[in-house]
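The values are calculated or read from the model by the stated rules, or taken from the named source; none is laboratory data. Keep in mind it's a predicted model, so treat the numbers as computed, not measured. As a convention, Cβ positions derive from the backbone with ideal geometry for all residues, glycine included, and neighbour counts pool all protein chains shown. Just so you know, the surface numbers come from the protein's heavy atoms only, side chains and all, with ligands and any DNA or RNA stripped out. Shrake-Rupley method; radii C 1.70, N 1.55, O 1.52, S 1.80 Å.
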Amino acid sequence: ITVETSTPLPVQSLYSLLAAMPPSVLRVKGIVNLVERPGLKCIVQATGQRAMLTIGEAWGTDASSSQLVIIGLRGWQANTAPAWWDAFHRLMIRH
């Protein structure tokens with residue numbers, strides 16, 4: 001599943017959510033626009049209980065939006081991780 005937002009995300013909210021990834025979510029990866037690092041692409045990689053954020057290059061002429069890909073076991077959203085998915089979805093929509 002790919003989730004996108006054009007509004008910058010707060011790093012602490014993103015890290016909290018990644019730290020709470022359920023076992024049915026195998027990986028989250030993508031490029032995000034963080035409130036704390038305006039103008040810079042930030043690369044997110046998370047698996048299990050490990051999350052890494054790397055500060056990348058400037059957005060330049062690219063649109064500064066966040067795009068994250070969530071890879072999980074079949075049916076993870078509805079069957080095994082609905083509360084986590086709801087929280088993740090709210091983060092991407094509200095910010």
Quiz prompt | Choice from Ser16, Ser24, Ser65 with maximal GNM fluctuation in the chain (Cα, 10 Å cutoff) | solution = Ser16
Practice problem: Report, by chain and number, residues whose modeled amide H sits under 5 Å from the one on Leu26, excluding near sequence neighbours (fewer than 5 apart, same chain). | Solution: Ile71, Gly72, Leu73
Practice problem: Using a Förster distance of 22 angstrom, determine the FRET efficiency expected from the C-beta separation of Gln67 and Gln12, and round it to 0.05. | Solution: 0.65
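For the chain, which whole-number percentage of the solvent-accessible area (1.4 Å probe, protein heavy atoms only) is attributable to carbon and sulfur atoms? Could the numbers behind the result be given before it?
Values: 2980 of 5450 Å².
Carbon plus sulfur share of accessible area: 55 percent.
Looking at the chain, what % of its DSSP beta bridges pair antiparallel, to the nearest 5?
Values: 23 of 24 bridges.
Given both bridge residues lie in the chain, the antiparallel proportion sits at roughly 95 percent.
How many Å² of accessible area per residue for the range 26-95, probe 1.4 Å?
On the way: 4240 Å² over 70 residues.
In whole numbers, the range 26-95 has 61 Å² accessible per residue.
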Exercise. Using θ = phi - 60° and the Karplus relation 6.51 cos²θ - 1.76 cosθ + 1.60, list the HN-Hα couplings for the range 7-12 in order, rounded to whole Hz, with x at every Gly or Pro.
Key: 8, x, 9, x, 4, 5
Quiz item: Relative to the longest principal Cα axis of the chain, at what angle does helix 82-94 sit, 0 to 90 degrees, rounded to 10?
Solution: 20
